[in-house]
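Below: the structure, in structure tokens.
Here, each number is a calculation from the coordinates, and none is a lab measurement. As the structure is a computational prediction, the values presented were derived from the model and not from experiment. Because the Cβ atoms are built from the backbone with ideal geometry, glycine has one as well, and the counts that use them run over all protein chains shown.
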Amino acid sequence: MRKLPVYLVLDTSGSMRGEPIEALNNGVQSLISSLRQDPYALETVHLSLISFDRIAQVQVPLTPLEQFILPTLVPPESGPTHLGAALELLITQIAQDVIPQSSAQKGDWRPLVFVLTDGSPSDTQAYEQACAKIQGLKWGGIVACAAGPKGKTEPLKKLTPDVYRLDTMNSHSFQGFFKWVSASVAADNQSVGLGGSQGLPLPQPPVEVQIVV
Amino acid sequence: MTMEEKKRISEYLYLHMIQDFSKRILEQDVICDAFPDHKGQDRAFFEFILQKKELVDINVKLTFDQNKATFLIAFNQFLPKYKELLQALTKEFYQEKPPSPATGCTSEADPESKSEPISQQLEALPVTDSLPEPESVTFAEVREAQPEDATQPEPEREPEREKESEPETVNLSKVTLNSLRTPQGLRLPNARVGSAYQIQLAPESLNRTRPAPLHLMAPPPPGLQWLSAEQELKGIPELAGEYQLTLQGPSAHAESPEPAIPALLLTINPDPRSLWQNLPSDTEQRYWKTDTDLKRLESTSVPGLKLLAASRRGRSHAHAGTCRDDDFLLQELPGNWFLLGVADGAGSARYSRQGSRLACQVAAQVIEAKLSDPAFVQSLESQLADFANSGQALPPHGLQARFYDCLAQAALSARKAIEAEAQKWQDVEPEIQAKDFATTLQLCLVYPLAEQWFFAAFSIGDGMIAVAQSDAIHLLAEPDSGEYSGQTRFLTMGSVWQDASAIFGRLKFALLTHFSHCLLMTDGICDPYFASENAMQKFENWQGLLSEMDQCLHSPQPDEALLEWLNFWSEGEHDDRTLALLTGGTR
């Protein structure tokens with residue numbers, strides 16, 4: 001069956017320790033719970049979780065939403081934010097996971113990506129290279145969100161025009177963000193369900209999420 | 001093989017072959033039977049196996065990542081049919097690359113000596129504090145049993161597309177084994193309401209060194225039961241939700257108390273079918289359209305020839321309470337011309353329901369006008385007769401050009417009508433554009449000659465035009481598909497109309513002595529029935545679809561039966577479905 005691949009690329013760097021990581025874990029859990037109430041998502045969405053701190057890791061490879069089991073994200077004591085490495089990993093994963101359309105095989109829907117960081121990429125050169133590669137690929141949508149006082153929106157604009165920011169990193173704001181992510185995925189689902197994904201039709205973000213222009 | 005041996009082998013495999021995939025556990029019987037000659041149990045071997053196209057084709061898929069192994073396999077066929085192949089591959093691999101001195105499945109390897117890699121990996125995992133020691137590694141066995149039909153309501157018919165395209169994978173069973181230790185407890189593989197569930201937990205996964213009768217502190221989720229002797233949770237879950245099960249062991253007499261039993265965490269997903277809603281569309285909205293439509297004509301000039309069309313709103317629309325976007329046209333025109341058409345409004349375009357309606361209406365008007373022009377018809381019919389007598393497979397260019405003037409012109413006029421419709425809003429809502437009415441369009445003209453049938457088709461977008469005979473299928477459309485699913489071309493796109501030779505190339509013709517069905521369908525029907533465009537080329541892949549349609553055609557109300565049939569269930573396929581059909585073409 002044709003899947004709608006959704007990648008969550010989440011910052012687990014040292015600065016996320018404490019309340020932020022707990023809020024993030026809860027936020028992702030509520031994202032999954034709410035997606036599971038949507039029949040189309042339950043049949044179509046495949047979800048992957050990539051974390052990045054000093055190293056970028058596939059925490060959960062692309063898995064049908066129905067079978068997805070969420071691990072608990074734990075940040076290291078401290079260390080850099082290798083978003084560039086995470087994007088490289090994302091590109092590799094997508095090449096491996098997402099089936100392109102051909103006459104011999106029905107392709108998947110275009111992937112959706114949600115990036116959340118509370119800092120800025122430490123591996124700037126790798127980051128810029130990865131952004132350049134990403135521009136050359138086809139996406140259903142890429143949404144980047146800078147969270148907390150140190151979250152920088154400027155570098156994220158190189159990745160995607162859809163950049164947002166969250167001022168605080170508590171449960172309330174993350175819940176709001178992931179609720180909105182869920183609505184975005186559901187909206188894209190709607191359009192793929194009707195036979196045509198024209199990219200992510202972003203619904204109005206909640207008040208916690210500010211649009212960066 | 002004894003249970004003890006199986007267990008030892010499984011543990012061996014677990015420790016050494018999938019050492020870094022501690023969150024997933026493989027099904028031991030399958031592994032051992034499938035890879036009897038497998039000596040090294042290394043990841044490279046599996047990667048090698050996975051690259052083998054033969055296995056990809058039979059839906060055996062084993063994927064590795066740093067924290068899981070997924071084994072997707074056609075259970076019933078796998079062992080007898082592919083054992084030899086796997087044996088050959090195993091030999092091939094180890095001849096190319098001699099195995100490391102690592103011992104094999106049946107050796108008396110000391111697990112201690114192999115514990116190095118797993119402990120390294122465990123450090124990289126997020127929850128090091130609660131992870132087991134290598135010798136008491138989490139071990140569980142899961143069989144996601146096939147859902148019993150008797151226990152699952154099956155209100156709609158399933159299109160048996162897997163059966164048609166790949167007969168050997170009917171009993172495909174996905175085994176994804178993913179218990180996961182978290183600080184909160186042991187996360188069991190997810191269950192689904194109404195589907196059989198079974199998981200047996202090894203003592204090790206419950207921090208026990210040997211089996212012990214453990215009891216649940218509270219009743220399990222409705223529909224499931226806990227067998228304490230087997231340490232097994234099984235049944236058919238009835239209620240979706242997140243559950244936490246607490247186990248209690250016999251009171252500890254030992255001097256050293258045993259470690260705590262982890263809580264069992266279980267997610268029961270709702271059955272997606274139960275979540276689909278059927279909301280009425282708002283009849284007050286702009287360009288409202290009925291949820292279903294049908295039409296039935298008996299030819300007045302050719303006895304026995306029937307024309308039928310049916311169109312049904314997809315579940316995606318029903319769930320959101322939005323309108324059907326598809327449309328069709330069906331007409332018998334003067335002079336024995338039969339016209340069929342379907343149009344699929346783009347799901348992402350807000351007024352595509354009107355786009356598809358306009359496309360059908362305008363195309364019908366243009367074609368009818370053309371075929372009412374005596375001069376045009378006269379020369380067309382004489383050219384057709386010449387062509388039929390010529391013995392050529394394809395019409396001469398001059399005749400093709402007639403249909404260019406007729407069918408391609410009809411599509412172009414439809415496009416212009418859509419642009420004019422968008423233009424009407426210019427003063428009130430200037431943001432409305434032609435692309436808001438995006439639609440595909442498939443048209444087919446059918447004409448009976450003295451001893452043959454002539455078909456001329458024109459198509460833009462991913463709908464299908466096909467003419468079936470008792471033993472062959474002729475496709476008269478090339479699906480305009482993009483790089484990913486759901487991408488296609490639309491009537492409203494400027495790029496479609498730039499190159500005359502490309503437009504000309506959209507015309508397709510057939511000349512046949514007989515046919516059983518001439519069929520136009522939107523992708524809402526094609527996608528669930530055909531695994532790929534290539535699959536559509538093969539007649540055998542059409543037989544299921546055609547026989548289901550024939551059942552409808554034999555009913556007293558064939559149009560209504562077809563409309564009902566369009567409601568078939570196919571997971572992940574919930575688009576609008578529309579077909580236009582001409583049948584009874586013996587001559």
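By the count of other C-beta atoms within 10 Å, a proxy for reagent exposure, B:492, B:322, B:513 are ordered fewest to most as B:513, B:322, B:492. A simple count of charges around residue B:353, restricted to other residues whose Cβ falls under 14 Å of its Cβ and scoring Lys, Arg +1 and Asp, Glu -1, yields -4.
Take each residue of peptide A:57-66, count the partner chain Cβ atoms within 10 Å of its Cβ, and average: the result is 5. Sorting B:289, B:416, B:234 from the fewest to the most surrounding beta carbons within 10 angstrom yields B:416, B:234, B:289.
Taking a ≥ b ≥ c as the square roots of the Cα gyration tensor eigenvalues, with a/c under 1.5 meaning rounded and otherwise prolate when a/b beats b/c, else oblate, which class fits segment B:292-583? Because a/c hits 1.5 or more and a/b fails to exceed b/c, segment B:292-583 counts as oblate. Considering only A:82, A:49, A:95, the residue lying farthest towards the positive end of the dipole of segment A:18-96 is A:95, judged by Cα position with unit charges set on Cβ. Work through the residues other than residue B:429 whose Cβ is under 13 Å from its Cβ and net out their charges, Lys, Arg +1 and Asp, Glu -1. Net of charged neighbours comes to -1. Amide H contacts of residue B:531: none lie under 5 Å away among residues 5 or more positions distant or on a separate chain (H built 1.01 Å from N in the peptide plane; Pro and chain starts excluded). Placing +1 on each Lys and Arg Cβ and -1 on each Asp and Glu Cβ, with no other charges, gives segment B:252-333 a dipole about its Cα centre of roughly 480 debye.
The packing ranking of peptides B:434-444, A:81-91, highest mean first, is B:434-444, A:81-91, where packing means the average number of other beta carbon atoms within 10 angstrom of each residue.
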